[in-house]
1. If you find the alpha carbon centre of the stretch 2-53 and of the stretch 79-146, how far apart are they in angstrom?
2. Using Cα positions and a limit of under 22 Å, work out the lysines in reach of Lys133, with same-chain residues fewer than 8 apart set aside.
3. Would you mind telling me the share, in percent, of accessible area of the chain contributed by carbon and sulfur at probe 1.4 angstrom?
4. Under Stokes-Einstein, with the Kirkwood radius over Cα pairs standing in for Rh, what whole-number D in µm²/s applies to the chain at 37 °C and 0.692 mPa s?
5. Run through every distinct alpha carbon pair of the stretch 71-130 and return the Kirkwood hydrodynamic radius in angstroms, one decimal place.
6. Quick one: the Cα spread of the stretch 27-100 along its three principal axes, in angstroms, biggest first?
7. Roughly how much of Leu36 is accessible, in Å² to the nearest 10, using a 1.4 Å probe?
Amino acid sequence: LGASNQATWEEPAKQANVSPFNAYTAANAFDWRNGLYPSKSYPAARSSSAPSAPTVSASGAQRQATITITKGATAPTWGYSIHRSTTSGFSPSWTNCIALVAKDSNGNATYIDTPLPAGTYYYTAIPFNDDGKAGTAATQASATVT
């Protein structure tokens, strides 16, 4: 987090008698358990324009799958949540989220899911902004792992 984002966590940290890092972690963990995305600043505004649905592709290899996320028309300002299932047509949720990844300078991301047993896996990604505003999930992609 940048200095301006870090400063917003000072007051909730004092109120809870914890470090700003612990205030940040606790608040975002609480939001995540309640189906909300993390925010870099306190309080979470979630008022930005939602990022567009990205495109996800997946390729399998021995004991791993590589997930490539290409930004939609509007890239997220923070990153993506990546969700996995062994069933096609699944609904992404915090229970099947395997990673939160930061976007690169072009608004895209790559993630290697490993180690995995052999089988077919389905992936999707949801973009989200610095203020915790989430966008629409990508169409699912599949990878066969050997």
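The values are calculated or read from the model by the stated rules, or taken from the named source; none is laboratory data. All values derive from a computational prediction rather than experimental measurement. Quick note on the areas: whole protein, heavy atoms, side chains included, nothing else; ligands and nucleic acids left out. Shrake-Rupley method; radii C 1.70, N 1.55, O 1.52, S 1.80 Å.
1. 22
2. Correct list for Lys133: Lys40, Lys71, Lys103.
3. Details: 3900 of 7630 Å².
Reported share for carbon and sulfur atoms: 51 percent.
4. Working: Rh = 16.0 Å.
Translational diffusion coefficient: 206 µm²/s.
5. Details: mean 1/r = 0.0810 Å⁻¹.
Kirkwood hydrodynamic radius for the stretch 71-130: 12.3 Å.
6. Taking the Cα atoms of the stretch 27-100, the three principal extents are 43, 28, 21 Å.
7. Per-residue accessible area (Leu36): approximately 70 Å².
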